[in-house]
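Notes to accompany the following structure.
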């Protein structure tokens, strides 16, 4: 009897010691994660022991870590060039071993429904090329982390989610835009890619901004936006608090963003909103030089407010173009040719991912020859009844019998469809309803067929010469 009591006490003491010495890691630090190559990556969590070790297999080194008095720790270790799989061992007397850790390129992917829509699509809203992507998923070392949807009016320390490798099941459920982006990066760079998807359909940019960033937007604009759609996920900072701030310690290369459809009515301030959001995101990632790239997508062509002829979309696109000059190390993927008049979720997410990847490969990874930038100087000349449009540094990729999407107006400020044809190295534009054009618009409707592309098939952006 006495021996049994001693044995029971020893078991209880062992259990108590094990529980006491437990290291707790956030869900982001787990099996199958991808760490950013050639950088200082952060390991963080809690421990009730004041010191423990971390051992990494890529250099077989062991590091001594000291926890703070409150039990938290944050420790940085340098990573080598891309490779893997590796192991990471945390040891405070009890070992926690993370397996199948890859080192490569890590990107944060955020936005509303056009970022959120999975490869499997929505009802009556498929993704072109999805079956091929799902069937070939096992070929690519792409690892996926999808942040669980959650809301909070206070900044949270951690988010929930799980790292998955690329399989038919995992790829079918991940963001189509983000996955196609990752696949093109992986095919070109030939390194493992990690994507962290934090998105929520139908949400305002205000909800993805911190309180300090929102405070820089005119109060009446914020109030008007919230009144228009007061769902909890559209309250300022709610998604930032719960789905962006918790990612801040995870060392990443940059961001991709697909959002704006919700904010077409804030077109006068959307460029400022983007600038303040990106500035704050970079700040919490300790990016003091604004070097983390930020690539984003033009909002989708669609019949906004049930009006294909309206101009709400091109006005928002103007703000997105302005943001290029406000946000360092940024780029935009154009979608002038990818919309669907009756569906706000275009099926051509492969092209979106490809164009985002072209921006990143050319600007961040210094791969030449992609010609992803179509935001170049244009020259416009008025000659009696004719308007001539040329691009000194842009090579047109097509020369159809006529170009679609042009309108001209005279002094009466009324725009009429115009005929546009290639005339040597210029596009000649005319309308029999406007004898003396003074203003030119291109693709300046919510949904319109527009056909100017460069030699890479990347479409030119909508524009106007007037300020009416």
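Taken across region 274-282, residues that are outside any loop (DSSP other than H, G, I, E, B) and farther than 25 Å from residue 357 by Cβ do occur, with at least one present. Residue count for region 250-268, restricted to those that are touching a helix residue (DSSP H, G or I) at 6+ places or on another chain (Cβ under 9 Å), in a loop (DSSP other than H, G, I, E, B) and buried (at least 19 other Cβ atoms within 10 Å of the Cβ): 4. Residue 107 meets the stated requirement of being touching a strand residue (DSSP E or B) at 6+ places or on another chain (Cβ under 6 Å), surrounded by 15 or more Cβ atoms within 10 Å (Cβ to Cβ) and in the same structural domain as residue 188 (by TED's automatic domain parsing). When residue 440 is tested against (1) within 27 Å of residue 303 (Cβ to Cβ); (2) at pLDDT 95 or above; (3) part of a loop (DSSP other than H, G, I, E, B), only condition (3) is not met. In region 346-366 there is no residue matching the filter, namely being surrounded by fewer than 18 Cβ atoms within 10 Å (Cβ to Cβ) and at pLDDT below 95. All of 304, 267, 258 fail the test of being assigned by TED's automatic domain parsing to the domain that holds residue 339 and touching a strand residue (DSSP E or B) at 6+ places or on another chain (Cβ under 7 Å), apart from 258.
Yes or no, residue by residue, for (1) in contact (Cβ under 8 Å) with a residue 60 or more places away in the chain; (2) over 26 Å from the mean Cα position of the chain (by Cα); (3) farther than 25 Å from residue 199 by Cβ:
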| site | (1), (2), (3) |
| --- | --- |
| 29 | yes, no, no |
| 40 | yes, no, yes |
| 48 | no, yes, yes |
| 52 | no, yes, yes |
| 70 | no, yes, yes |
| 88 | no, yes, yes |
| 95 | no, yes, yes |
| 108 | yes, no, no |
| 114 | yes, no, no |
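Please verify whether region 92-111 includes one or more residues that are part of a loop (DSSP other than H, G, I, E, B) and out of contact with any helix residue (DSSP H, G or I) (no Cβ under 8 Å at 6 or more places or on another chain). Scanning region 92-111 turns up at least one residue that is part of a loop (DSSP other than H, G, I, E, B) and out of contact with any helix residue (DSSP H, G or I) (no Cβ under 8 Å at 6 or more places or on another chain).
The values are calculated or read from the model by the stated rules, or taken from the named source; none is laboratory data. Nothing here was measured: the structure is a model prediction, and the numbers come from that model. Reconstructed Cβ throughout: ideal geometry from the backbone, glycine too, with neighbour counts over all protein chains shown.
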